[in-house]
Every structure is written in C-alpha cells, then in structure tokens.
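The values are calculated or read from the model by the stated rules, or taken from the named source; none is laboratory data. Model, not experiment: these values are computed from the prediction. Virtual Cβ from ideal backbone geometry, glycine too; neighbours counted across all protein chains shown.
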Amino acid sequence: MTIGVLIADDQALVRRGFRLILEIEPDLDVVGEAVDGADAVAQTRALRPDIVLMDVRMPGIDGIEATRKIVSDGEVDAPTKVLMLTTFDMDEYVFDALQAGASGFLLKDVLPELLVSGIRSVHAGESLLAPSVTRRMISTFLQHAPAASRKSDGYDMLTAREREILHLLAQGLTNAEIAAALVVSETTVKTHVGRVLMKLGLRDRVQAVIYAYEYGFVGREADVPGSAGSSHRPV
C-alpha cells in the first residue's frame, strides 16, 4: 500500500529536503506541497493525502489551526493524519498541536530513517512523539496534576486489565512491549487498546497519554518515557 504524503512548510528548501527523503521510499508518495496553513487545508481537501507533514510556524493560518481544520474535515473511513514537524519543542506548541488533533510531533532535526518510520507508524494507527517532547509534556502534567485523581466516569468503566493497559500506554510502551510485559499476544493488546480508547472517548494513543496524566492516574517520575539513551519511537 502506498502512503500519500502532503508536505506543508513555508520554506521551499525544507519542502525540497523532505521530498528528497521521502521519494526514494517505494511505499511513500509525495502528492503535493503546501506553502502555508491555508494552502495545506485546501490541498488536503483536494488531494486527500494519508499523512500531512505540517510545520507549526507558517504565515497566515499556522500549522496548529490548519491541523484543527483538517482533522475536523476528516472522513471517518479514511481520515488524513497530521504529523507536526518543527524546529521548536516549546510546550505550548506540543499541547496545542495534540489538542488540535495531530497524531505526532517531531523536531525537524530528526534522522531521515526515523522520519520515514514515523510516517509509517502514524499511518498504521500509532502515534509519535519525540522523547524530549514526551518527557517535557509529562513533566508539565505532573507539576500541575491534582493531589488526588479527579473523578472520571470513563475510567470507572475500564476493566482491571484495561486500566493496566492505560498505565502502560502512558509510560510510552509500544504494543509489542506491552504484550511482553503482560505475557499476551500483540493482537490481544490491540483489542484492549481499542476498547480503552472507545470507552474513554479518545481519538488515539497520544490522547490516552494526556488523559492518564491529566487525571492523575499515572504520576511517578519513574514512569516518564524517553529516558537517557532512548530514540524516537511511537507511543
């Protein structure tokens, strides 16, 4: 299956660099380039790419607002997913981008092979965060989390195993790592993850991480993923 990619960045050299990286991959097809947020929204509506590589800072409609429009326009059967790329990793950009509906957030200095694998991961239904971004995001949530968990009817609906899955998701574990930790198959993990997202009304795994920390269900420093020596990986 070929993955259609739209590159949205106001700098021509950046767009060209991404195109050169992606065009050598047989399963990736660059369907177009957008010069700003408004152009990204228009081209997404016209071309229906699978993935939009979206810069955060662009003139006019920025990448965050463009992401919000693209996600709200998304087709149920074949939604376009947004992977944010930026030279900045400031917290407000991370929070705003994820709340707008982005499925991942990487810095522009990511290695080419990790960018490619990130696109494939997001297309496959996983979500992607740079470890430095994940650490800072979770650290901020821990600083502002309430002393006791706030009531959440959705959390009360989860079974004991589903709560365990949520806690492992919040630690940044992949399906394979969760399967190994619980000694179950990856298929079983995928089923549990799907049920967790459905019961909590969450769009994807990134929202599950945010949910777990916002509501104080996970809060130990030892749980923070992306410790020294880790690399970019899906969550």
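Mind listing just one residue for me: the one in the range 70-86 that is among the β-branched types (Val, Ile, Thr) and modelled with pLDDT of 70 or more and, of those, farthest from His123 (Cα to Cα)?
Going through the range 70-86, the residues among the β-branched types (Val, Ile, Thr) turn out to be 70-71, 76, 80, 82, 86.
Going one step further and asking which of them are modelled with pLDDT of 70 or more, we end up with 70-71, 80, 82, 86.
On the way: Ile70: 16, Val71: 14, Thr80: 9, Val82: 10, Thr86: 19 Å.
Taking the candidates together, the pick is Thr86.
If I go through the range 180-235 residue by residue, how many of them are at pLDDT below 65 and of a type outside the set (Asp, Glu)? Spell out the reasoning first.
Narrowing the range 180-235 to residues at pLDDT below 65: 218-235.
Right, trim to of a type outside the set (Asp, Glu) and you get 218-220, 222, 224-235.
Counting residues in the range 180-235 that are at pLDDT below 65 and of a type outside the set (Asp, Glu) gives 16.
Check the range 43-59 and report whether any residue there is in the same structural domain as Phe18 (by TED's automatic domain parsing), of a type in the set (Gly, Ala, Ser) and at pLDDT below 90.
Applying the first criterion (in the same structural domain as Phe18 (by TED's automatic domain parsing)) to the range 43-59 yields 43-59.
Cutting the leftovers down to of a type in the set (Gly, Ala, Ser) gives us 46.
This time we only want the ones that are at pLDDT below 90, so: none.
Checked the range 43-59: no residue is in the same structural domain as Phe18 (by TED's automatic domain parsing), of a type in the set (Gly, Ala, Ser) and at pLDDT below 90.
With the requirement that a residue be under 16 Å from Val52 (Cα atoms) and at pLDDT 80 or above, what does the range 87-111 give you?
Passing the criteria: Ala100, Gly101, Ala102, Ser103, Gly104, Phe105, Leu106, Leu107, Lys108.
Being assigned to a loop (DSSP other than H, G, I, E, B) and touching an Asp or Glu at 6+ places or on another chain (Cβ under 7 Å) is the filter; apply it to the range 34-48 and report the residue that is surrounded by the most Cβ atoms within 10 Å (Cβ to Cβ). Write out each step before concluding.
Taking the range 34-48 first, the residues assigned to a loop (DSSP other than H, G, I, E, B) are 35-36, 48.
Among the residues that remain, those that are also touching an Asp or Glu at 6+ places or on another chain (Cβ under 7 Å) are: 35-36.
Details: Val35: 17, Asp36: 19.
My answer is Asp36.
So, of the residues in the range 92-112 that are under 15 Å from Ala208 (Cβ atoms) and part of a helix (DSSP H, G or I), which turns out to be nearest to the chain's Cα centre (by Cα)?
Leu98
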